[in-house]
Amino acid sequence: MGSTHHTRTTIAGTSMRARATRRRRLEALVQGQTQVLEMITRRLPLPEILEAIARWVEAQSRDGVLVSLLLLDAERQHLLHGAAPSLPASYNNAIHGLAIGPSAAACGTAAYRRERVIAEDIATDPLWESYRHLALRHGLRACWSTPLIGRDGDVLGTFAMYYRQPRRPTADDLKLIDLVSRTTILAIEQKQAEEERERLLAREQQALRQAEAERQRLHGLFMEAPALIAVFRGPEHVFELANPLYMRSIGQGREVLGKPIRAALSELEGQGNFELLDEVYTRGESCEGHEVLVRLDRRGDGALEDRFFDFTYQPSRNGAGEVDGVLVHAADVTELVRARRRAEESEEQKEDFISIAGHELKTPLTSLKAQAQLLAKRLRREGNAGAVGVLGKMDLQLNNMTRLIGDLLDDAKLKGGKLKLQPSSFDYTVLVRECIEVVQRTAAQHTLDCDLAPDVTLTADRERIGEVVTNLLTNAVKYSPDADRVVVRVAREDGEVVTSVRDFGIGIPAEQREHVFDRFFRATAQGEQSYPGLGLGLYIAAVIVRRHGGRIWVESEEGRGSTFAFALPAGG
């Protein structure tokens, strides 16, 4: 009986010691995990955390476990060294870059299969066929590898436990593996999240720096642009930017930045400018003006001075596509208007007018067009479609001004008898097609349909006849703003080559038709404002046609469009 009692006491003592040992191991396990979690919270480097995890696991083992933590590379094809403080350095170097696959030892196979791989004895396990000599040379006989799978389902790496004798995991081993795997996944994902945040922050800061640099560059371009430029913000149209030419035009020395336009340029009240800005801001649509009269207090003494401007008001939008301001692009054409009016009042003070127009406009106009094209090229490369659109409209206005100056020069030559013709033989159909292509590029709203007889040869001044065709095409587009089509026809008729251009626009009132080819005449439809231009284009066209022995005429019905036509001798 005493022996039985002694046996029970011994069993009880052993059980108590086992429970105590188990409790101490659990406490040590929890303590180790806590330390690792603290390292994660402190955002220590991932290699340092992984090494702490490996040493934590190795400290729990009584069987000499050797821990290896490998990470999957960005291409998700190879395993890279993470931490293995107790494995031989030569072994770690040998498996660094291990390609994953169906028979790539324990770790490469686990990552490939996305499931735990248990190699009880490396010496006989078929998965180690290609790596057996490496492991055995370093005294490794067993390897249990678990894939580390993140929350998004991607494999992050592997957690492996090596032994120097054949061995399979116990239930406690499997619990430890699960705990360590979860902790390691947390560390890796936390570090990946930190790196992603840092990348996003760096990208955002880089974007901000680029945006600021771009803003500064555009600011410089606007300030140096050979045109009047201002930027307004908000519904009150607060001045955000006004370049030197704009300031010079409204009166040097005025304080406008940071002020609403109604306060900064109060003399504009009642002139319609404020209402135009309101409309552009509210409707989000551009607005253009030609030779618009603006009365400005440029000297600051209350005396208003008449100035004339060609301008474009363009809505600007924020990142959400909402209108947040208005961009103003303008040209001061006061001297041009004044010169033209003097010419209209007296023939021809004309030489003075041409001299002023040439001196005041031709050189700066050429420079303005070249610089605008350079600026548009830069902005197009940078994807700034809004600003490119504004510059495109500016270029269209410059083309209009160029044609206007050309008309004035031609008119001077006509009056002075200096318009000389240089006839040559050429394919007239080709010339007409060239003119159509040029005009079509600036007439996005219209389609220029053509019916051209083939192989039509003329003997005439090719450049001057081209001017006639271009003038009729541009007029057809200009006087049909609500239509979308212009029809061009070239035909041989009774020994003549007849060219007709038909539009579907405002038409010409009957009482005006006999004057359309008069000098300085501009047609206006009932209730319509006059269209821009000097009224010289058709006059010059008629002179050129008649100098070639041809004839020119118009057929029109008010409200239903017009057909301008001219005929030239087929033989020359």
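Scan segment 240-263 and tell me whether some residue there is open to solvent by less than 20 Å² (accessible area, probe 1.4 Å), modelled with pLDDT of 90 or more and either touching a Gly at 6+ places or on another chain (Cβ under 9 Å) or at positive phi (or both).
No, every residue in segment 240-263 fails to be open to solvent by less than 20 Å² (accessible area, probe 1.4 Å), modelled with pLDDT of 90 or more and either touching a Gly at 6+ places or on another chain (Cβ under 9 Å) or at positive phi (or both).
How do the strands (runs of 3 or more DSSP E) wholly within segment 277-371 filter down when requiring 2 or more residues that are aliphatic (A, V, I, L, M) and at pLDDT 90 or above: which remain?
On the way: elements: 287-296, 305-317, 323-332.
Those strands (runs of 3 or more DSSP E) span 287-296, 323-332.
If a residue must be small (G, A, S) and modelled with pLDDT of 90 or more, how many such residues does segment 34-63 contain?
2
Any residue in segment 187-201 that is touching a residue at least 60 places away in the same chain (Cβ under 8 Å) and among the aliphatic types (A, V, I, L, M)?
Checking segment 187-201: at least one residue is touching a residue at least 60 places away in the same chain (Cβ under 8 Å) and among the aliphatic types (A, V, I, L, M).
Working carefully through the options V501, V468, V490, V497, find the one that is within 19 Å of Y539 (Cβ to Cβ), touching a residue at least 60 places away in the same chain (Cβ under 8 Å), in a strand (DSSP E or B) and open to solvent by less than 40 Å² (accessible area, probe 1.4 Å).
Within the list V501, V468, V490, V497, the selection yields V501.
Yes or no: segment 224-232 includes at least one residue that is charged (D, E, K, R), exposed (fewer than 14 other Cβ atoms within 10 Å of the Cβ), part of a helix (DSSP H, G or I) and in contact with a Pro (Cβ under 9 Å, 6 or more places away or on another chain).
Checking segment 224-232: at least one residue is charged (D, E, K, R), exposed (fewer than 14 other Cβ atoms within 10 Å of the Cβ), part of a helix (DSSP H, G or I) and in contact with a Pro (Cβ under 9 Å, 6 or more places away or on another chain).
State which residue pairs qualify: first residue at positive phi and inside segment 519-548, second residue part of a loop (DSSP other than H, G, I, E, B) and modelled with pLDDT under 65 in any location, beta carbons under 7 Å apart, and separation of 6 or more residues or different chains.
F520/L534
Condition first: basic (K, R), over 22 Å from A54 (Cα atoms) and either at pLDDT 95 or above or surrounded by fewer than 18 Cβ atoms within 10 Å (Cβ to Cβ) (or both). Can you find one or more residues in segment 179-197 that meet it?
Step one: of segment 179-197, the residues basic (K, R) are 182, 191, 197.
Those left that are additionally over 22 Å from A54 (Cα atoms): 197.
In the following step, the residues that additionally are either at pLDDT 95 or above or surrounded by fewer than 18 Cβ atoms within 10 Å (Cβ to Cβ) (or both) were identified as 197.
Yes; the residues of segment 179-197 include at least one that is basic (K, R), over 22 Å from A54 (Cα atoms) and either at pLDDT 95 or above or surrounded by fewer than 18 Cβ atoms within 10 Å (Cβ to Cβ) (or both).
Restricting to segment 46-60, and then to whatever is open to solvent by 20 Å² or more (accessible area, probe 1.4 Å) and in contact (Cβ under 8 Å) with a residue 24 or more places away in the chain, can you tell me which residue is farthest from Y162 (Cα to Cα)?
Going through the qualifying residues, I end up with L46.
I want to confirm something. Restricting to segment 275-321 and keeping residues that are touching a Lys or Arg at 6+ places or on another chain (Cβ under 6 Å) and open to solvent by less than 30 Å² (accessible area, probe 1.4 Å), which single residue is farthest from V256 (Cα to Cα)?
Ranking the qualifying residues of segment 275-321, first place goes to T312.
Is it the case that F566 is within 47 Å of the chain's Cα centre (by Cα), closer than 26 Å to D461 by Cβ and modelled with pLDDT of 85 or more?
Values: within 47 Å of the chain's Cα centre (by Cα): yes; closer than 26 Å to D461 by Cβ: yes; modelled with pLDDT of 85 or more: yes.
So F566 fits the description; yes.
Report, by residue number, each residue of segment 548-572 that is in a loop (DSSP other than H, G, I, E, B) and touching a helix residue (DSSP H, G or I) at 6+ places or on another chain (Cβ under 8 Å).
Filtering segment 548-572 down to residues in a loop (DSSP other than H, G, I, E, B) leaves 548-550, 558-560, 570-572.
H548, E558, listed by residue number.
The values are calculated or read from the model by the stated rules, or taken from the named source; none is laboratory data. Not measured: the values here are computed from a predicted model. Cβ coordinates were reconstructed from backbone atoms using ideal geometry, including for glycine residues, and neighbour counts include every protein chain displayed. Areas reflect the complete protein model, heavy atoms only, side chains present, ligands, DNA and RNA absent. Shrake-Rupley method; radii C 1.70, N 1.55, O 1.52, S 1.80 Å.
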